[in-house]
Amino acid sequence: MIKERIIQQATYFFIRDGIKNVSMDDLASSLGISKRTIYMNFKDKEDILKQCILASQEKIERSIHEIIDQSENIIDGCLQIIGHYKNIQLPSGRFWDDIYKYYPAIYQFILDGMGKNNTCLKELLEKGIQDNYFRENLNIDETLNYYVIISNIYSLRISFSRTDLISNIMVNMLRGISTYKGIEIIDKYIDNIAHSNN
């Protein structure tokens, strides 16, 4: 239980403040525990960071499977996943700066996790083709490469909302790989969003 609390609090701090700006003293104080308790559960800050990322990846994977399992069809599921990500607090630019500069092994760990996500995404694409929602001639490997490029937007320092940018790109990309059957569902989704914003 204490380990989970440490991971949860550290994730919040790392996302908001970056990694270097979060001290073990800050973390211990915010949880009302001693630094010794932290070190009894984790080797060092890098170990905490890795566990935070692993927990986040597992949570994302679980959410994706739950959404897809409860969706009417693959397009509806993909649109719900895109909508779900709009409500997630993304790491600050400072977080990514720290990862690149001070934690290259963790950055590689994140890339490896994206490879696992690609396996999940590949299954979704194949199912979409099979169910006639995605084009039969879709180049799956190329589409996965686009996904990786879009995912890198998370790490950019930009002045406007990354979640809105990613959402718009993903919806349009989804539309581009869909059959008429899929496009119909997406256009209805886009139309509903337009009406709800008025």
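The values are calculated or read from the model by the stated rules, or taken from the named source; none is laboratory data. Just so it is clear, the model here is predicted, and its values are computed rather than measured. Every residue, glycine as well, gets a Cβ built from its backbone with ideal geometry; the counts of neighbours run over all protein chains shown. We work out accessible area using only protein heavy atoms, side chains counted, and drop any ligands, DNA or RNA first. Shrake-Rupley method; radii C 1.70, N 1.55, O 1.52, S 1.80 Å.
Taking H as built 1.01 Å from N, whose amide H comes closer than 5 Å to the amide H of GLY18, not counting residues under 5 places away?
SER92, PHE95
List the residues whose amide H sits under 5 Å from the amide H of PHE134, counting only those 5 or more places along or on another chain, with H placed 1.01 Å from N in the peptide plane.
Residues meeting the amide H criterion: ILE129, THR179.
Using a 1.4 angstrom probe, figure out how much accessible area the chain has per residue, in square angstrom, rounded to the nearest whole.
60
For the charge dipole of the chain, defined by +1 on Lys and Arg C-beta atoms and -1 on Asp and Glu C-beta atoms about the Cα centroid, which residue among CYS120, TYR103, ASN132 has the Cα displaced farthest towards the positive pole?
TYR103
For an R0 of 30 angstrom, estimate the FRET efficiency from the Cβ-Cβ distance between ILE183 and MET114 and round to the nearest 0.05.
That gives a FRET efficiency of 0.65.
What label, among (i) 17.1, 58; (ii) 19.1, 60; (iii) 16.4, 45, belongs to Rg and Dmax of the Cα atoms in Å computed from the structure on display?
So the structure-derived entry is (ii).
Ignoring ligands, DNA and RNA, what percent of the 1.4 Å accessible area of region 83-144 is carbon and sulfur?
48
Given a cut-off of under 8 Å on Cα pairs at least six residues apart, what relative contact order in percent is computed for region 34-188?
This gives 28 percent for region 34-188.
How much of VAL171 can a 1.4 Å solvent probe reach, expressed as accessible area in Å² and rounded to 10?
Its heavy atoms expose roughly 10 Å² to the probe.
Using the crude model of +1 on Lys and Arg Cβ and -1 on Asp and Glu Cβ, and no other charge, please compute the dipole size for the chain relative to its Cα centre, in debye to 20.
It works out to roughly 760 debye.
Subtract the Cα-Cα distance of ALA55 and ASP164 from 0.36 nm times their separation in residues, and report this length gain in nm to one decimal.
So the extension gain works out to 36.8 nm.
Per residue of the chain, what 222 nm ellipticity follows from adding -39500 (n - 2.57) for every DSSP H run with n ≥ 4, rounded to the nearest 500?
-25000 deg cm²/dmol
Mind checking the full-extension length gain between LYS122 and MET40? Use 0.36 nm per residue of separation minus the Cα-Cα distance, one decimal, nm.
25.6 nm
When the Karplus curve 6.51 cos²θ - 1.76 cosθ + 1.60 is applied with θ = phi - 60°, which whole-Hz ³J(HN,Hα) does each residue of region 53-62 get, with x for Gly and Pro?
5, 4, 4, 5, 4, 5, 5, 4, 4, 4
Given the pairs LYS3/LYS35; LYS116/LYS181; LYS116/LYS188; LYS50/LYS86; LYS59/LYS86; LYS86/LYS116, which span a C-alpha to C-alpha distance of over 20 angstrom in this model?
LYS116/LYS181; LYS116/LYS188; LYS50/LYS86; LYS86/LYS116
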